[in-house]
């Protein structure tokens, strides 16, 4: 059994691949073996998570996930530990393996009850209701009312919660909640998920990270191959070796174009451009140039003297890695066509993406850029992605992996769909990557601008767009994960790599 940490990549397998692996493994083993292994693995993890539990409550569904929970009950039952099973199946419709586990549990004297026991903070509850037994795209109908009541009790109680394979109602492939399964509140006691046979993409993106808590994997003796994966969970970038005989030109020049001024619409956004520039500087760019989009009195050197201010028309775009759009407002649309035509390498963020979504001529310029092989990365958040795809934000969030692939297919360049479990997709890459780092402290103004600047620095230093995007997203989230609990996270400090 392995605890999943963000220290190396992991192959992720969707529902179809997991079921295929399950069927292949079952054919080579005696009947009921996989369920027995799953139950034993569950019991072992349960004892490790709650070694002092005096009561264990297991909610078992009508299928094989419930059978796994019944097997766990057999191993957890001890004279000094009360095991209570709430079973929601129909004896006439139980799958064969689950039927065997039901008989074994009853024969061993496991206590069955329709209502939950009284649980304390040292106790444990196990969600063995559905697992991967949820149809793709969600349940055909909302769950019965008593199921919802049991799930509320599981999630809201003081005891440690262990979800078996998946939190019930979470879609394996997308991380979205099926209709009727959405939790009222995820502010729960410690939560864990034991994923069986494979790691599922839905555990790591959309609602998955909040719902799943700490993720564990037990392969049950079967080995899923990367060839059947549907996505990857990213690992850390390789260490960068900097030759001693380097100079500022060795690490490239980044130009940040953005920052609509206060005079245009009364909404100054120069700070966004300065955050991206600071992030590029502190991520190792050799030189960082800043072109603000309005003639204001702001002098960049007074904010950060290492930055070099330029008028837009003084930039040699053909020689630069450009980060365009941060705080660009309406002004960015006036320069974006030239940026698309001339920039050597390009990160499009924020208002540059909104301008792209509105203007067919800009999309044509992007297509021409992609056709000539110019390095380009798009970094939308879900609302920006929805505008680019002509969908609702809800539709994007309902299947983030599919949305990231759709962005890549439509625009022909690397795309970073930001959010919980950011997704990175690229042309020529069969599988998208899900980023495992980052946390809710990034939900503050300016952190997206910081990511754009960090990405620009990596492009300028010579990384290809695919690697630069994956590595920047990982490093950006890692900074937030390492942030001291008693220090406020602000975008300015994040850009500098921390103020501690």
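Take the conditions (1) in a helix (DSSP H, G or I); (2) touching a helix residue (DSSP H, G or I) at 6+ places or on another chain (Cβ under 6 Å); (3) touching a residue at least 40 places away in the same chain (Cβ under 8 Å); residue 285 misses just one of them, which is (1).
Screening residue 287 against (1) buried (at least 24 other Cβ atoms within 10 Å of the Cβ); (2) in contact with a strand residue (DSSP E or B) (Cβ under 7 Å, 6 or more places away or on another chain) leaves a single unmet condition, (1). A search for C-beta distances below 9 Å between a residue of the range 35-62 that is assigned by TED's automatic domain parsing to the domain that holds residue 97 and free of Cβ contacts under 8 Å to residues at least 60 places away in the same chain and any residue that is assigned to a strand (DSSP E or B) and crowded, with 23+ Cβ neighbours inside 10 Å, counting only pairs 6+ apart in sequence or on different chains, returns 47/124; 62/87. Here residue 146 meets the list (1) assigned to a helix (DSSP H, G or I); (2) modelled with pLDDT under 95; (3) crowded, with 22+ Cβ neighbours inside 10 Å almost entirely, failing just condition (3).
Criterion applied to 304, 353, 378, 362 was being under 23 Å from residue 408 (Cβ atoms) and out of contact with any strand residue (DSSP E or B) (no Cβ under 7 Å at 6 or more places or on another chain), and the one residue passing it is 362. Considering only the range 333-347, I want to know if a residue exists there that is closer than 20 Å to residue 491 by Cα and at pLDDT 95 or above. Scanning the range 333-347 turns up at least one residue that is closer than 20 Å to residue 491 by Cα and at pLDDT 95 or above.
If you go through the range 45-94 and keep only what is more than 35 Å from the chain's Cα centre (by Cα) and either closer than 24 Å to residue 4 by Cα or in a helix (DSSP H, G or I) (or both), you end up with just 74.
Taking the options 97, 114, name whichever one is over 13 Å from residue 73 (Cβ atoms) and assigned to a loop (DSSP other than H, G, I, E, B). First the steps, then the outcome.
Numbers: 97 fails: assigned to a loop (DSSP other than H, G, I, E, B).
Going through 97, 114 in turn, the sole match is 114.
Name every residue in the range 100-111 that is in a helix (DSSP H, G or I) and under 22 Å from residue 163 (Cβ atoms), in order of residue number.
The answer is 101, 102, 105.
Total residues in the range 433-469 satisfying the condition of being crowded, with 24+ Cβ neighbours inside 10 Å and part of a loop (DSSP other than H, G, I, E, B): the figure is 3.
The values are calculated or read from the model by the stated rules, or taken from the named source; none is laboratory data. In this text the structure is predicted, and so the values were computed from the model without any measurement. Neighbour counts are summed over all protein chains in view; Cβ atoms, including those assigned to glycine, are modelled from backbone coordinates with ideal geometry.
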